[in-house]
1. When the chain is treated as a GNM, springs tying every alpha-carbon pair under 10 Å, which of I116, I100, I28 comes out with the largest mean-square fluctuation?
2. Can you return the aspartates and glutamates within cross-link range of K340? Criterion is Cα-Cα under 13 Å, with same-chain partners fewer than 8 residues away left out.
3. For a quick check: with amide H placed at 1.01 Å from N, whose amide H comes under 5 Å from A48's, ignoring anything fewer than 5 positions away on the same chain?
4. Checking the table K15/K77; K8/K337; K9/K110 against a 30 Å threshold on Cα-Cα, which pairs fail?
5. Can you tell me the relative contact order of the chain? Whole percent, Cα pairs under 8 Å, sequence separation 6 or more.
6. Rounded to the nearest Å, what's the spacing between the alpha carbon centres of region 329-346 and region 237-272? Just the number, please.
7. Where does each of T177, T123 land when they are ranked from fewest to most other beta-carbon atoms within 10 angstrom?
8. Let me see the pair-distance distribution of region 3-156: every alpha carbon pair, 10 Å bin width, integer percents in order.
Amino acid sequence: MKLTQAVKKGGCAAKVAAQELHEILDKIDFPSPNKKLTINAATFDDAAVYKLSNKRYMIKSLDFFTPIVDTPVLFGKIAAANAVSDIYAMGGKPILALGILAYPLVSMGKEIIIEILQGAVDTLKEAGTDLAGGHTIDDDTLKFGLSVTGLVEKDGLLTNANAKPGDKLVLTKALGTGTLMAALKKGIKKEKDLTDAFESMCLLNNFHICFQPEHYAFLHAMTDVTGFGLAGHAYQMAQASHVSFSLNARRFPKLDGVEETLKKSCFTKAHRTNKEYVDEHLFIDDSVLPINQSLFFDPQTSGGLLISVNPEQVTTLVEKLKVYFPRTNVIGTVEEKKEKTLYLVN
């Protein structure tokens, strides 16, 4: 069974469009949050943060989606890496996870589910995280993901709301999973052609491997880049920080094969909805190539970290990141708030 052919859309490209999600949430009368709930959905950050004590916080997040690849064990690995990423994006370390699994009992053999779960467990083990339980239902469409709990010390907590003018913007993974996985589903690419993308999606966003605690003070804000694309997540980070971002499209790292699949119009619905989400807040210089514009809106699954870094330390920090994230690159600058929130330039 080819898992990608059993679903209409896969991975983070299947997320509800950001603009539509905003419209839904705006109509809900939420009660005032508990005072210990330090971060909720107000700034569209990566996870919720709950104060346990004056020195320690708990981080909670949840991610699940339909298959993005055909190989079950690979689907499990990618889903797990994607789910724990939100904990890393807040500066934390994941400690336990609960599985969320929906699958068609009649048409899908147990061996497929076993492989998916084994892939997830293997990745969670690498992250030092226990799969502590979960919930399953009989459903027509396969879906898998995890609810993840993490911990972070107060001094290590990072949000998407503290980018400072003058900071450099650093991206730790190459872009293009959306178009490449669309090409896989259309039969234009085969799994053997996509090793670079799979390795990137399975790579944990565990930036702690790169830094000592004293380096964290130079990291001002952080988010992970997933279904809303670099455009959507950069916009949310800039909005939450009350600044503008200038992003250099020529410096975007690209996964192998991306230019080919974009030229062949291997797009998802999210390419369009991500563009619509930021359109009125975005200026694009005429010199930016159409391919790089499309890459800007490409929905990422288990994408990299977008980090706002003290400019005086950016060279040192990038060198440290490249040991674990070899495609790390400086892709832009944080500026004082301007007319537009995002500026895409060459």
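What follows draws every value from the coordinates through simple rules; no lab data is involved. Note that the structure is a prediction, hence the values are computed from the model and not measured. When we count neighbours, we look across all protein chains shown, and the Cβ atoms used for this are built from the backbone with ideal geometry, even at glycine.
1. Looking only at I116, I100, I28, the largest GNM fluctuation is found for I28.
2. Hits, sequence-local ones excluded: D279, E280, D285.
3. K60
4. Table pairs above 30 Å Cα-Cα are K8/K337.
5. Rounded, it is 24 percent for the chain.
6. 14
7. T123, T177
8. 11, 36, 33, 17, 3, 0
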